[in-house]
Amino acid sequence: MTVHHSEPDGVSSESMAVAVSVVVPVTERCDALDEIYRVHAEVLRSLVPSFEFIFVLDEGYEKAAQPLHGLIGQGEPIRIVPLQRHFGEATVLMVGFQQAQADVIITLSAYFQTLPEGLRTVMSSLNEGYDLIVTRRYPRQDPWINRLQNRVFHCAMRLLTGVQFHDMSCGLRGIRKHVVREVNLYGDLHRFLPLLAYQRGFRVVERDVAQHPADCHSRMLRPGVYLRRFLDIITVVFLFKFTKKPLRFFGLVGAGLFSGGLGISMILAMQKLFGLTGLTDRPLLILGALLMVLGVQTASVGLLGEMIVFTHARKMKDYTVKSILKYKGSME
């Protein structure tokens with residue numbers, strides 16, 4: 001199926017000449033960017049006829065990109081896109097996707113996370129027809145605390161969504177451009193790109209690649225970061241399962257609250273009827289009534305959501321068409 005899209009700003013008609021666009025989001029941390037370019041460009045030259053590297057700089061990383069200016073002067077296919085303030089990795093990636101000229105996009109971390117030979121695995125899987133290639137650093141060489149955090153995170157996602165990945169935070173990915181046109185990233189949802197793409201019906205596969213020896217330091221985050229990650233998980237689970245069925249989520253929560261309040265109220269009513277105790281000065285009576293009210297209100301939010309989804313159902317698209325086979329014969 002051929003889909004026509006307008007070109008993003010700054011992209012010329014030479015886009016067909018570029019086989020692969022490599023997007024490197026420079027945010028939070030980075031290693032020597034010129035060295036990252038050299039080792040990965042060396043591998044890509046043996047795989048594709050042409051490529052480009054797009055380094056998108058979050059605020060404060062202009063100095064780190066200075067060595068790249070010399071490479072640009074030598075004619076290397078590098079573009080640098082600095083942002084005026086800090087936006088975070090999701091926005092940085094989206095900017096890189098918009099600037100990409102090729103239909104095949106590879107994302108890399110701005111620090112050494114996987115060995116450059118992992119590019120061969122990604123390109124081989126893309127040639128097999130997959131839409132999104134997720135890489136898994138295996139075997140892991142970093143400290144046990146990193147592996148434990150990774151295992152807990154992915155076990156939680158598997159239990160909540162039913163889809164199993166092992167290393168969604170790995171920065172090496174292969175993506176076809178029609179995927180990033182359909183999947184919007186914002187906030188910190190870049191970590192869940194494989195899940196969001198899978199939800200839309202794209203062919204997603206996970207491949208093992210070798211971890212870089214430099215990616216072996218312990219990573220312990222601030223408590224606030226873990227809280228934000230937990231909220232992100234809730235957001236993704238809701239988007240993954242209940243985007244078009246909000247009543248199932250809010251109705252379930254509301255039914256639980258209402259049932260709890262009704263149970264408390266019935267127990268108190270039975271105690272009153274049999275003269276076991278009075279209802280005066282019983283905080284449980286207030287709690288029971290409050291839970292029932294909250295249950296009704298929560299279910300009402302789900303009903304409002306269903307009405308909104310029904311109203312906009314014709315405009316919502318949560319699927320992708322792989323191809324259309326047309327009958328070319330004429331009918332008598």
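Looking only at residues in region 168-216 that are part of a helix (DSSP H, G or I) and among the basic types (Lys, Arg), which one is nearest to Thr91 (Cα to Cα)?
Looking at the filtered set, the residue picked out is Arg191.
Going by the structure shown, is Thr243 over 40 Å from the mean Cα position of the chain (by Cα), at pLDDT below 80 and β-branched (Val, Ile, Thr)? For Thr243, the condition - over 40 Å from the mean Cα position of the chain (by Cα), at pLDDT below 80 and β-branched (Val, Ile, Thr) - is not met. One residue stands out in region 308-320 among those that are part of a helix (DSSP H, G or I) and aliphatic (A, V, I, L, M): the one that is modelled with the lowest pLDDT, namely Ala313.
Filtering region 217-256 to residues that are outside any helix (DSSP H, G or I), among the hydrophobic types (A, V, I, L, M, F, W, C) and touching a residue at least 24 places away in the same chain (Cβ under 8 Å) leaves only Met220. Of the residues Arg140, Arg158, the single one that is at pLDDT below 95 and either buried (at least 17 other Cβ atoms within 10 Å of the Cβ) or not assigned by TED's automatic domain parsing to the domain that holds Val26 (or both) is Arg140.
If only one of Gly260, Gly305, Gly288, Gly295 is at pLDDT 80 or above, under 27 Å from the mean Cα position of the chain (by Cα) and assigned to a helix (DSSP H, G or I), which one is it?
Values: Gly260 fails: under 27 Å from the mean Cα position of the chain (by Cα); Gly288 fails: under 27 Å from the mean Cα position of the chain (by Cα); Gly295 fails: under 27 Å from the mean Cα position of the chain (by Cα).
Every option except Gly305 fails the conditions.
The values are calculated or read from the model by the stated rules, or taken from the named source; none is laboratory data. The structure presented is a predicted model; accordingly, all values stated were derived computationally and were not measured. We place every Cβ from the backbone using ideal geometry, glycine too, and count neighbours over all the protein chains shown.
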